[in-house]
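Single-structure report; data block below.
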Amino acid sequence: MKLEHLERAFESIGARLRVEAPVRSRGVSSGYSLDIGHDRRGQFFALRGDDANLAVVEFFLLNMQEDSRHLLLLVKSEGSKRKDRFLCGHEEREWFVAAVPGTASTVVQAKEALKPAPVREAQARKNLNARQANTRHNAAFRRQGEWFFLPLEKPLAVDPRLILRHEPISRGRGSKPHLVEQLYRTGGELVYVNREHPQGISEVQYSQLVRRNPDAKKWIWHARRRNAGVFARGAIRHGDHATIVLQDWHQVLMNEEHLAPSRSYLAFLD
């Protein structure tokens, strides 16, 4: 698909696509990246890469929904067997691009591929049809961006002393956190997080780091739980999304974008 045809596809959903020089500081591991840029006219989709890299990349428009302003792209690189998929679209207040795991060929399939298994199972239990399952608020879940909130089948026994107030949840480096009014974690692995280690390091890794560099102990660290059971109640806030309010405890699950190999091609995370 020629780039001018790709630009027209984005125009069909009311978006702009611009081809720009790569931003080396982003640390993207591929020869190109997909990003969300901003200028005086607002947001646009930025395809970044130099001429040599873009010359060996081919884009295919798999599916488009003009009414919902979404499209699904397939990207193939010369000499590679990988077929990467990206869901591009508009939600609430912002444009977004998400790497899609699996072999989705339609926008609807891509959205389902991004849902964790417990979310799809909850949809099935509630007998949701395709239209209902495609909403952000239904009988099976609430959703805000990449985060799903599932009502619990059984009451959760919570120690009030362990409830965290106004706690941020984030999928990692570069993403703007969602702020949870009340958060409760169970189980999981203790990790230490700071600006240099946004994904967290284990207790063993932290001890090794401090032995090598005693000054590291003075850095600003936050203790977190990796792969913990996470539950939320109250208001969930984020600048790009409408606030949602959970009256009871809900299980918190992140979408499946991290399973897509093509996530390394994204520079914009939230």
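Can you name the number of the only condition in (1) in contact (Cβ under 8 Å) with a residue 24 or more places away in the chain; (2) among the charged types (D, E, K, R); (3) farther than 30 Å from Ala46 by Cα that Lys111 fails?
(3)
Would you pick out the residues in the range 242-270 that are in contact with a Gly (Cβ under 8 Å, 6 or more places away or on another chain) and modelled with pLDDT of 95 or more?
Within the range 242-270, Val245, Leu246, Gln251 meet the criteria.
List, please: which pairs have Cβ atoms under 9 Å, are six or more places apart or on different chains, and start with a residue in the range 172-190 that is of a type in the set (A, V, I, L, M, F, W, C) and buried (at least 16 other Cβ atoms within 10 Å of the Cβ) and end with one that is modelled with pLDDT of 90 or more and outside any strand (DSSP E or B)?
Partner pairs satisfying both residue conditions: Leu183/Ile163.
Can you confirm whether the range 202-211 contains a residue that is charged (D, E, K, R) and modelled with pLDDT under 90? Steps first, answer last, please.
Step one: list which residues in the range 202-211 are charged (D, E, K, R), which gives 203, 211.
In the following step, the residues that additionally are modelled with pLDDT under 90 were identified as none.
Within the range 202-211, none of the residues are charged (D, E, K, R) and modelled with pLDDT under 90.
Any residue in the range 118-129 that's free of Cβ contacts under 8 Å to residues at least 24 places away in the same chain: show its pairings with residues that are among the hydrophobic types (A, V, I, L, M, F, W, C) at Cβ separation under 8 Å, as long as the two are six or more apart or on different chains.
Short answer, once both residue conditions are applied: Gln123/Ala133; Gln123/Ala140; Gln123/Phe141; Arg125/Ala140; Lys126/Ala139; Lys126/Ala140; Leu128/Ala139; Leu128/Ala140.
When the residues of the range 191-211 are filtered to those that are among the hydrophobic types (A, V, I, L, M, F, W, C) and either within 15 Å of Asn227 (Cα to Cα) or exposed (fewer than 12 other Cβ atoms within 10 Å of the Cβ) (or both), which remaining residue is nearest to the chain's Cα centre (by Cα)? Walk me through how you get there before you give the answer.
Residues of the range 191-211 that are among the hydrophobic types (A, V, I, L, M, F, W, C), as a first pass: 191, 193, 201, 204, 209-210.
Right, trim to either within 15 Å of Asn227 (Cα to Cα) or exposed (fewer than 12 other Cβ atoms within 10 Å of the Cβ) (or both) and you get 191, 193, 201, 204.
Numbers: Val191: 21, Val193: 19, Ile201: 21, Val204: 29 Å.
Top of the filtered list is Val193.
Starting from the range 207-222, take each residue that is under 28 Å from Glu167 (Cα atoms) and list its partners that are small (Gly, Ala, Ser) and in a helix (DSSP H, G or I), counting only C-beta distances under 6 angstrom and pairs at least six apart or across chains.
Qualifying pairs under 6 Å: Leu209/Ala216; Val210/Ala216.
Does any residue of the range 2-9 turn out to be modelled with pLDDT of 85 or more, of a type in the set (Lys, Arg) and more than 23 Å from Ala110 (Cβ to Cβ)?
no
Filter the range 118-146 down to the residues that are of a type in the set (Gly, Ala, Ser), at pLDDT below 95 and surrounded by fewer than 15 Cβ atoms within 10 Å (Cβ to Cβ) and list them by number.
Selection gives Ala130 alone.
When both residues are 6+ apart or on different chains and their Cβ atoms are under 7 Å apart, which pairs have a first residue that lies in the range 231-250 and is among the acidic types (Asp, Glu), and a second that is part of a strand (DSSP E or B)?
Asp240/Glu94; Asp248/Pro151; Asp248/Arg233
Mind counting the residues in the range 212-237 that are under 19 Å from the mean Cα position of the chain (by Cα) and at pLDDT 95 or above?
Count: 4.
Report those strands (runs of 3 or more DSSP E) wholly inside the range 33-143 carrying at least 3 residues which are in contact with a His (Cβ under 9 Å, 6 or more places away or on another chain) and closer than 26 Å to Asp240 by Cα. Step through it out loud before you land on a result.
Numbers: elements: 42-49, 57-65, 70-77, 83-91, 94-100.
Strands (runs of 3 or more DSSP E) meeting the threshold: 83-91, 94-100.
Residues to consider are Arg131, Arg69, Arg93, Arg165; find the one that is among the basic types (Lys, Arg), touching a Leu at 6+ places or on another chain (Cβ under 9 Å) and farther than 19 Å from Met254 by Cβ.
Numbers: Arg131 fails: touching a Leu at 6+ places or on another chain (Cβ under 9 Å); Arg69 fails: touching a Leu at 6+ places or on another chain (Cβ under 9 Å); Arg93 fails: touching a Leu at 6+ places or on another chain (Cβ under 9 Å).
Arg165 is the lone residue from the list that is among the basic types (Lys, Arg), touching a Leu at 6+ places or on another chain (Cβ under 9 Å) and farther than 19 Å from Met254 by Cβ.
For residues that are out of contact with any Leu (no Cβ under 9 Å at 6 or more places or on another chain) and assigned to a strand (DSSP E or B), scanning just the range 227-250, find the one that is surrounded by the fewest Cβ atoms within 10 Å (Cβ to Cβ).
Here the answer is Gln247.
The values are calculated or read from the model by the stated rules, or taken from the named source; none is laboratory data. All values derive from a computational prediction rather than experimental measurement. Using ideal geometry, Cβ is built from the backbone for each residue, glycine included, and neighbour counts are taken over all protein chains shown.
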